[in-house]
Amino acid sequence: MHAIDARCLIQRRVRTRFVWALLLTVLGLWQSVAPAAEFEDAIQYYDQGKFAEAKESYEKLVEKGAGSANVYYNLGNTDFRLGSPGRAILDYERALALNPRHPEARANLKLLRDKTAAKVLPLSWNEHLADKLSPDAWAVLAAVAGWVVLFTLVLIITSRRRNDSGRWALAMFAAMIGAAAAVSLSSIARNQNRAVIIAQQTEARLAPAQSAGVAEALPAGTQVRVLSERGEWVYCELPGAGRGWIPDGAVERVRPGRS
């Protein structure tokens, strides 16, 4: 009798676990299908000329954590159609921050910058290098390079071979790759504060007041780097190599999540 009760209890637990596993699988599938359906709806709105509706749909995807490079690229096209070139440039920059090899976003960004005469921050060689890959790709590359160096050195130390030039060459090459990845990750961390002027036109001031002198005129889409914030003003590094205060409503960071 007790053996039968035990078997029934085990079967009941197995059925319960199966039901939970099935529910979790269905929920996971729904979470992946729902954003895809919303993405298609946004594309249809755009094709129908309903740009405000398309923008709303893309922004909902971003709010849900589904802001891929393609979502930001399409949002950039939509903002351009709505007459917001600064926001469009911001969207293209966000697309490239997620996928530096997005050719359409890069091409549209260049065209729009030329159109608006947007200014850009000067980039150092390490920042140019960092833009070649996404942050995740650089992190993986750094980890792989580090492990290759470690295992190669272990092999060299424990090996009885007299000539380990090949392994030394591999270790040095991996170390160089790791160093490049580390420098790129450092540059990416520094560029967390890169921002874009979203207003049609604004002026950076020498002090946080509208009556203060003008430090630099900034067209829509201009790059700046946020240094600090005070009330309704943001202190930024300017593309003209100076610094100035910008109204917080006129500028937005490229990497969302910080204000």
Those residues of region 226-251 which are closer than 17 Å to Ile89 by Cα and in contact with a Leu (Cβ under 6 Å, 6 or more places away or on another chain) amount to Pro239
Mind checking whether some residue in region 45-59 is out of contact with any Leu (no Cβ under 7 Å at 6 or more places or on another chain), more than 24 Å from Val196 (Cα to Cα), crowded, with 17+ Cβ neighbours inside 10 Å and modelled with pLDDT of 90 or more? yes
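Does Ala97 fit the bill of being at pLDDT 95 or above, of a type outside the set (D, E, K, R) and under 18 Å from Val224 (Cα atoms)?
no
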Residues that are farther than 30 Å from Ala69 by Cβ and surrounded by 14 or more Cβ atoms within 10 Å (Cβ to Cβ), drawn from region 122-154: Val149, Phe151, Thr152, Leu153
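Mind checking which residues of region 100-125 are hydrophobic (A, V, I, L, M, F, W, C) and farther than 17 Å from Gly83 by Cβ? Lay out the reasoning, then the answer.
Kept after step one, since they are hydrophobic (A, V, I, L, M, F, W, C), are these residues of region 100-125: 105, 107, 109, 111-112, 117-118, 120-121, 123, 125.
Scanning region 100-125 gives Ala105, Ala107, Leu109, Val120, Leu121, Leu123, Trp125.
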Among the residues of region 214-231, write down those that are surrounded by 12 or more Cβ atoms within 10 Å (Cβ to Cβ) and among the basic types (Lys, Arg). Arg225
Filtering region 157-169 down to residues that are loosely packed, with under 15 Cβ neighbours inside 10 Å and in a helix (DSSP H, G or I) yields Ile157, Thr158, Ser165, Gly166, Trp168, Ala169
How many residues are surrounded by fewer than 24 Cβ atoms within 10 Å (Cβ to Cβ) and free of Cβ contacts under 8 Å to residues at least 40 places away in the same chain if we restrict to region 80-95? 4
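The values are calculated or read from the model by the stated rules, or taken from the named source; none is laboratory data. The structure presented is a predicted model; accordingly, all values stated were derived computationally and were not measured. Note that we place each Cβ from the backbone using ideal geometry, even for glycine, and neighbour counts take in every protein chain shown.
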